[in-house]
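The values are calculated or read from the model by the stated rules, or taken from the named source; none is laboratory data. Only a predicted model underlies this, so the values are computations on that prediction, with no experimental measurement involved. Don't worry about glycine lacking a Cβ; one is built from the backbone with ideal geometry, like all the others, and counts go over all protein chains shown. Each accessible area value is taken on the protein alone, full model and side chains, heavy atoms only, with ligands, DNA and RNA left out. Shrake-Rupley method; radii C 1.70, N 1.55, O 1.52, S 1.80 Å.
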Amino acid sequence: MTRAVPDRGAAAVRRALDGRQATPAEPPPPPPPGRRPGERALRLGTLAVVALAAALVTGRPWVLALAAAPLVLLALALPGGPRPDGLTARAEVEPRRCFEGEQVTVRIAVHYDGVSGRLDPGVFLGPGVRLDHLEAGPHHVELVLTAQRWGRWTLGTVDVDVYDRGGLARRTVRADLGEISVFPVPEHAGLTPIPVRLPQRLGEHTSAQRGEGVEVTGVHPYARGERQRRIHWPATTRRGTLQVHGFAAERTAETVVLLDVLTDVVDPVTGISTLDATFRAAAGLVRAYLRTHDRVGVVSIGGATRWLQPGSGQGYFYRIAESVLAVRKDRSHRSEGLGTLPPPALPAGALVYVITPLTDQRIFDVLHQVRGRSNPVVVLEIPTGDPVVDPGDTEGELALRLWRADRDAMRFSLVESGVAVVAHRPGETLDLALAPLLRTRVQGGTP
């Protein structure tokens with residue numbers, strides 16, 4: 001007789017592989033048109049009906065007196081002026097673009113004809129935001145929201161009930177709040193490693209070529225046409241011939257940040273998502289290189305391949321961030337195979353940062369494509385954390401050892417092929433991971 005063995009780790013595995021993806025909630029059905037009774041009318045009407053039913057059941061006329069009080073209150077609550085009609089609502093959201101943890105203010109202006117008693121908003125928020133404050137006035141509703149997670153989120157809807165002066169009837173109007181773009185908070189990064197070869201563009205990085213920079217590389221004999229103010233007099237006196245300073249040319253760098261969004265793994269101990277850590281590290285790298293006036297591009301691999309050609313300027317940071325925000329909505333899509341990276345996405349000689357948790361073997365196909373174009377590559381690994389093994393579980397401990405050995409083998413194969421591999425652990429500064437790359441310039445790859 002066979003007995004089914006309970007799969008105790010199945011739920012944990014599914015939770016780790018799926019990440020913290022929340023199922024998008026559907027908004028409530030639209031409010032019914034026309035006027036409806038309010039809560040006060042329903043309460044008083046219910047009391048009157050119950051009293052009349054009790055009088056009919058018991059056959060005692062004096063019970064009818066119990067229905068007099070709610071009927072009198074209903075009569076007194078009848079509005080003296082025109083009831084609100086022709087309802088319209090217009091929502092203003094400020095700002096539409098923000099970073100994680102920042103607040104968003106929503107102002108809803110409600111217009112109607114007639115006289116109202118009060119406004120009663122019903123708020124239905126989408127994922128990724130939290131309601132912190134709500135205020136309702138005679139003609140407006142104001143909400144203060146906090147953006148909790150990066151992504152492009154639908155804020156939700158607000159159904160505003162407009163009551164008449166007596167509170168007996170109400171009409172409802174819906175305000176759609178639209179979408180907001182929430183950018184990830186960039187990791188702090190100040191170091192900008194550069195490759196051996198730099199493009200022929202003026203920038204802030206010193207190159208091995210001679211030029212019109214400010215960093216002295218040595219002295220050399222004077223040649224016709226060189227500036228006399230660069231004469232190095234101590235060397236001239238010592239050698240008996242004119243010697244001048246040599247300066248290194250200053251060039252800009254081209255950097256491409258390639259994001260591995262094939263899978264999202266949650267650390268079983270800390271609960272940190274590798275997708276979140278990947279985008280925060282990428283934002284820190286992009287901001288650091290843009291700060292030094294370099295050209296930066298981005299490529300996201302997973303679901304649909306998205307890419308943006310390298311550009312420069314601090315305003316380009318927001319273009320790069322918005323180009324990958326839709327990944328949050330595409331996480332349910334998993335492509336069976338990966339296509340060829342478009343040539344404009346990886347310019348020749350550009351330094352490529354591949355930010356990946358090294359959990360999907362398909363990322364090695366992408367690395368092979370990048371190496372085939374002789375681009376210098378740096379793999380920035382986002383650690384996923386070790387799987388949790390129950391004490392005394394011999395099979396689980398053996399599986400954990402094999403899992404660690406497999407990851408060590410992946411790192412070893414990358415290093416042996418000439419790819420620099422560094423690890424960035426969430427909570428640590430990004431400069432700590434990039435510091436080893438400053439010992440020497442990143443070499444270009446070969447197929």
Given the structure, is Val106 closer than 20 Å to Ala326 by Cα, surrounded by 14 or more Cβ atoms within 10 Å (Cβ to Cβ) and among the aliphatic types (A, V, I, L, M)? no
From Val185, Val173, grab the single residue that is of a type in the set (A, V, I, L, M), closer than 30 Å to Tyr112 by Cα and either at pLDDT 75 or above or in contact with a helix residue (DSSP H, G or I) (Cβ under 9 Å, 6 or more places away or on another chain) (or both). Val173
Within the stretch 313-324, of all residues that are modelled with pLDDT of 80 or more and either in contact with a Pro (Cβ under 9 Å, 6 or more places away or on another chain) or surrounded by 17 or more Cβ atoms within 10 Å (Cβ to Cβ) (or both), the one nearest to Gly297 (Cα to Cα) is Ile320
Collect the residues in the stretch 411-428 that are basic (Lys, Arg) and in contact with a strand residue (DSSP E or B) (Cβ under 7 Å, 6 or more places away or on another chain), keeping them in residue-number order. Arg411
Per-region count, the stretch 401-427, residues open to solvent by 40 Å² or more (accessible area, probe 1.4 Å) and in contact (Cβ under 8 Å) with a residue 60 or more places away in the chain: 1
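Yes or no, residue by residue, for (1) surrounded by fewer than 16 Cβ atoms within 10 Å (Cβ to Cβ); (2) at pLDDT 80 or above:
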| position | (1), (2) |
| --- | --- |
| Gly339 | yes, no |
| Val352 | no, yes |
| Leu367 | no, yes |
| Glu381 | no, yes |
| Pro391 | yes, yes |
| Ala399 | yes, yes |
Wholly within the stretch 38-139, strands (runs of 3 or more DSSP E) carrying at least 3 residues that are touching a helix residue (DSSP H, G or I) at 6+ places or on another chain (Cβ under 9 Å) and either closer than 18 Å to Val158 by Cα or modelled with pLDDT under 75 (or both): none
Kindly indicate whether any position in the stretch 401-410 is within 20 Å of Val352 (Cα to Cα) and not small (Gly, Ala, Ser). yes
Return the pairs, sorted by first residue and then second, in which the second residue is assigned to a loop (DSSP other than H, G, I, E, B), the first residue lies in the stretch 125-143 and is small (Gly, Ala, Ser), the beta carbons are less than 6 Å apart, and the residues are 6+ apart or on different chains. Gly126/Leu155; Gly128/Gln148; Gly128/Arg149
Looking for something surrounded by 15 or more Cβ atoms within 10 Å (Cβ to Cβ), of a type in the set (Lys, Arg) and not in a strand (DSSP E or B) - is there at least one such residue anywhere in the stretch 142-157? yes
Of the conditions (1) among the charged types (D, E, K, R); (2) surrounded by 13 or more Cβ atoms within 10 Å (Cβ to Cβ); (3) over 23 Å from Thr278 (Cα atoms); (4) in contact (Cβ under 8 Å) with a residue 60 or more places away in the chain, Glu100 clears all except one; give me its number. (3)
